[in-house]
Each structure stands twice: as C-alpha cells, then as structure tokens.
Amino acid sequence: MAVPVFCCGFECGVAGTTGQHLATAGSGTSFDTTTFRTGLRAGRVNVTATTGSFQVNGLAASGTRVVRAYLRFTTLPLVDDVIILGSTPAAASTPCLAFKASDSKLYAGTVAAGLITFGATGVAVTTATWYRVDWRQNATANPWLTDAQIDGTAVGQLSSSIAADATGTTLDIGFTGAIAVTGDMYIDDWIVSNTGADYPFGGGIVTKHSPNRDGTHTTTGTDMLKALGGGAVTVLTTDAYTMVDDATIATGTSDFLGMQTSNALKYCEIGFASSTDTTAGPRAVQVIVGENRATTAQANSKFKINDNGTTQLLWNKATSTVAALTFNTTQYASMIGGGAWTKARFDALFLRWGYSTDAQPDVFFQAAMIEAEFSVLSTIAAIMTGAGAFSGPATAFRLTIPITAAI
C-alpha cells in the first residue's frame, strides 16, 4: 500500500493562498483550462529568461521523496535546467530531475549553485507530448541515490558521495533552481510520497470531487445561515452544499455557510461527488477546505471528516487575527482507522463544519474540494468494461496490447 503525502491535478485552481496545498516560486505559473491531461485544468510554467515553479506546501522533513507527474513541453529550454528540485537544504547539492539541452534528454541529477551533475544516461523528450515522469531521491545515507523513469524507461541512477541529509522540507516542479531559462511546460496528475518503496508510482490520474449533496445537519433556528440572509441551515436543509461547491475553490465570495451562534455540538454535513472508477478506491485523498470570518476579532470553528461513521478532526480553525479566506489541506493515504481506501468508503465520505464555541464575529465556511489519485490499472479496467469514465483529451492514454508502461 502506497503512503502518499500529497496529490494534485491542479483542479483546485489556486496556489499560494494561505494554507493551500500548492505554492509558487518565481514567475510564469498559472492554471490552464485549454491544455490538460485529465480533468479540466493543468498547471503551466511559462518563463522567459527567469525561473518559476509550483511547490508542495507543508511537507515533513525527509531525505526521501518519490514523485510521479505528467509533463508536456511546448518550448524546450535552450540551456540545461532543473525540472524537479528535491529537498536537502543543509547540503551544498540538491537531488533533481534535470534537462540537458545538448541532447534534449531528462536525467537523474544533482544541482549546486546552478551547476548540474547528470547521471550516465537519459531519455529524450520533445514538445507536444505528455510524458509520465517517476522520480526518487534518497539522501538518507552516503552516497545519495537519485533515480528516474520516463514513460517507464529508466535513466541512469546517479550516485553522489555526499553525507546523509534528512532535513529537507521542500519540493518544486517547473523550471526551478538558480538557472534562468526560457521555456513553456504543462504539469498534471501529480503525486508525492516520502516512502522510497512507493517508487515508481506508475500511471494514474487525479480527479476532482466537489460537494454535491447534504448529509446530516444538527443546527437549528438561525445558528447557521446560507450566505448572508439566505435562510437557515436546519435538519431539513438539502441544499447547503451549493454554498461551498465552487468549481475553482478560491471563488467563495458570494455564497458560503455562515455561523452566527456558537454551539460546540452543532454542525452541518456535506458529501462529495463519487468516483467514476468502479474497481478500486483511490491511493491518495487530498481534502481542501476554506474559511474566513467577518473581522479579525476572536472566533473559531472546526472541520471534521466523517468516514463510515468515524469522525476525525481535519482543521481546528481557532482564534485568528486574519479575516481573509485561508485554507487547510490534509492528505489521507488510508481510511480513518487504517487500510487502503475502498470505492465504497471513499464515495461515502462526508465533511462536517461547525462545533464553534465563539461565533462573534460570524465565521464563514467558503469552499471544499477533494482531489483524489487513482491507479491507472483500475482506471483502465473500468474503461475496458465500459463502466468508468475518463475526463481528458484522447491523447492522454496510449493503450496497446499488452498495456504499455507509458500509460
């Protein structure tokens, strides 16, 4: 069973906002709704003589990183560059996935002060093609070992005689490091682990699951309202989810759920769209929620995940001096109580919000979304039986008999 710590298909549509699972560095980053592998969005890094990348927020310190992402170049760099930048900040070098301009190949590498050391062999890439990249760094011992596969073809492992370092907390993908380049690249269906045995993740997709139904509400009277003056949320309410189901998670300015009377036992509950995979549960479940309050004065609320009747605290949004929209994201690599996700348990997930002991000023639940990663093997099985659905361009899959590693 894989132990992912992050997944993203860029369906959330926002990066860099406080608490969100994605951050950015440099310039040229955006969410693209025209060119994508699956879903409705991909990340894009389009730079001119500079650097830019997407970053994973909130990673635990580790010398091991395992990454699977799909990359599509529109413009290849004209100079050597770092595409995936690992995390070993205490050392002079950093493990990476590197692009060599002289042969247009991707290599396992390390980078120090803008100078790249390449592994012995690489795999050539070109433009207008989606490539599956599996990459691993292991800096927990001397020597460091950096591995990579491109569409299932291994590049030469790089062994670097450097002291063990397990203090890194960062991970970037894009045109990264200290090397200014001109290039244009799309990124999609990204998953990350700190467990070396997860390499390679292999094929997969990351799907978006927005709120689509109400669960059980315990609020009464006017404890909780739909937007401003939109009516109370009570045990009979069936449309509370429409207040927090924005297609881009950051857009929650006109519809939201607002709590104006505190009660530590009261909450509303919403469910999410089911998976289209009929054969297996996800390998990674990234839950994202957004909240703000009327002013910077004290107030609080809690978010809890309800998995098959067992609840777990997702976010205790306690006293804050920030009134603006902030996010919290949690990765659930397994079901609450343990074990790999099943389709039934994933499809039955609910999110509860409320439990406030101080709702003066009012607190607002603005948005929620789940991004979930599914193995390509179960997805293909669903497609071949006619039971599943695949959201993305026809070129996103390359299917032969036998099934190729490029999928």
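The values are calculated or read from the model by the stated rules, or taken from the named source; none is laboratory data. Every value quoted in this text rests on a predicted model; they were computed, and no experiment measured them. Please note: Cβ atoms are built from the backbone with ideal geometry, for glycine as well, and neighbour counts cover all protein chains shown. Side chains included, ligands, DNA and RNA excluded: accessible areas come from the protein's heavy atoms. Shrake-Rupley method; radii C 1.70, N 1.55, O 1.52, S 1.80 Å.
With one equal scatterer per alpha carbon and no solvent term, the Debye-computed log10 I(q)/I(0) for region 279-384 at 0.18, 0.22 1/Å reads -0.85, -1.09. Extending 7 Å from the Cα toward the beta-carbon at both Thr129 and Leu265 defines two label points whose distance is 6.4 nm.
Could you calculate the contour length gain from Gln157 to Thr17, that is, 0.36 nm times the residue separation minus the distance between their Cα atoms, to one decimal place in nm? Kindly include the intermediate steps, with their values, before the conclusion.
Details: separation 140, 0.36 × 140 = 50.40 nm, distance 3.65 nm.
Contour length minus Cα-Cα distance gives 46.8 nm.
Placing dummy labels 7 Å off each Cα toward the beta-carbon, the span from Ala340 to Thr121 is 3.1 nm. Among the listed values (i) 5, 21, 31, 27, 13, 3, 0; (ii) 4, 20, 27, 26, 17, 4, 0; (iii) 5, 23, 30, 23, 14, 5, 0, the one matching P(r) over Cα pairs in 10 Å bins from 0, in percent as calculated from this structure is (iii). With the simple model of a label 7 Å out from the Cα in the direction of the Cβ, Ala113 to Ala166 spans 3.0 nm. For the cross-link pairs Lys105/Lys208; Lys226/Lys304; Lys302/Lys343, which exceed 28 Å when the distance is taken from alpha carbon to alpha carbon? With Cα atoms farther than 28 Å apart: Lys105/Lys208. Solvent-accessible area assigned to carbon and sulfur over region 35-104 amounts to 50 percent, based on a 1.4 Å probe.
Taking 22 Å as R0, compute the FRET efficiency from the Cβ-Cβ separation of Ala323 and Ala247 and round it to 0.05.
Details: r = 24 Å, r/R0 = 1.11.
Efficiency at R0 = 22 Å is approximately 0.35.
Please work out the ratio of the alpha-carbon Rg of region 1-61 to 2.2 N^0.38 Å and round it to two decimals. Let's see the in-between values first.
Numbers: Rg = 12.6 Å, N = 61, 2.2 N^0.38 = 10.5 Å.
After normalising by residue count via 2.2 N^0.38 Å, the value is 1.20.
With Cα atoms defining each centre, region 266-301 and region 162-197 are spaced 27 Å apart in the structure. Ordering Ala359, Ala227, Val66 by the projection of their Cα atoms onto the charge dipole of the chain, which places +1 on the Cβ of Lys and Arg and -1 on the Cβ of Asp and Glu, puts Val66 at the extreme positive end. Converting phi to 3J(HN,Hα) with the Karplus coefficients 6.51, -1.76 and 1.60 and the offset θ = phi - 60°, region 150-166 yields 10, 6, x, 8, 6, 8, x, 5, 9, 9, 10, 7, 9, 4, 3, 8, 10 Hz in sequence order, with x at every glycine or proline. Ranking of Met369, Met243 by solvent-accessible surface, largest first: Met243, Met369 (1.4 Å probe, protein heavy atoms only, all chains present). Computed from backbone phi with θ = phi - 60° and the Karplus coefficients 6.51, -1.76 and 1.60, the 3J(HN,Hα) list for region 16-24 is x, 6, 3, x, 6, 7, 10, 10, 10 Hz; x is used for glycine and proline.
Per residue, the convex hull spanned by the alpha carbons of region 126-261 comes to 220 Å³.
Viscosity 0.890 mPa s, temperature 25 °C: what is the translational diffusion coefficient of region 239-296 from Stokes-Einstein with a Kirkwood Rh over Cα pairs, rounded to a whole number of µm²/s? Reported coefficient: 171 µm²/s.
Residue by residue, region 106-122 carries 3J(HN,Hα) couplings of 9, 9, 5, x, 10, 9, 9, 6, x, 9, 9, 9, 9, x, 5, 9, x Hz when phi is fed to the Karplus relation 6.51 cos²θ - 1.76 cosθ + 1.60 (θ = phi - 60°); x denotes Gly or Pro. In the chain, Cα pairs under 8 Å separated by at least six residues give a relative contact order of 20 percent. If the segment from Thr238 to Thr140 were pulled out straight at 0.36 nm per residue, it would be longer than the present Cα-Cα gap by 30.2 nm.
Divide by every residue of the chain the summed helix terms, -39500 (n - 2.57) for each DSSP H run of at least 4, and state the resulting mean residue ellipticity at 222 nm, rounded to the nearest 500 deg cm²/dmol. Provide the component values of the computation, followed by the final result.
Numbers: 2 runs with 14 residues, N = 407.
So the helix-based figure for the chain works out to -1000 deg cm²/dmol.
Straightening the chain between Thr296 and Ala197 buys 31.1 nm, computed as 0.36 nm per residue apart minus the Cα-Cα spacing. Calculated accessible area for the chain comes out at 36 Å² per residue, all protein chains present (probe 1.4 Å; ligands, DNA, RNA ignored). Averaging Cα coordinates gives a centre for region 354-373 and one for region 24-42; these two points are 27 Å apart.
Computing the accessible area with a 1.4 Å probe over protein heavy atoms, can you report the carbon and sulfur percentage for region 207-365?
Details: 3250 of 6130 Å².
For region 207-365, the apolar C and S fraction of the accessible surface comes to 53 percent.
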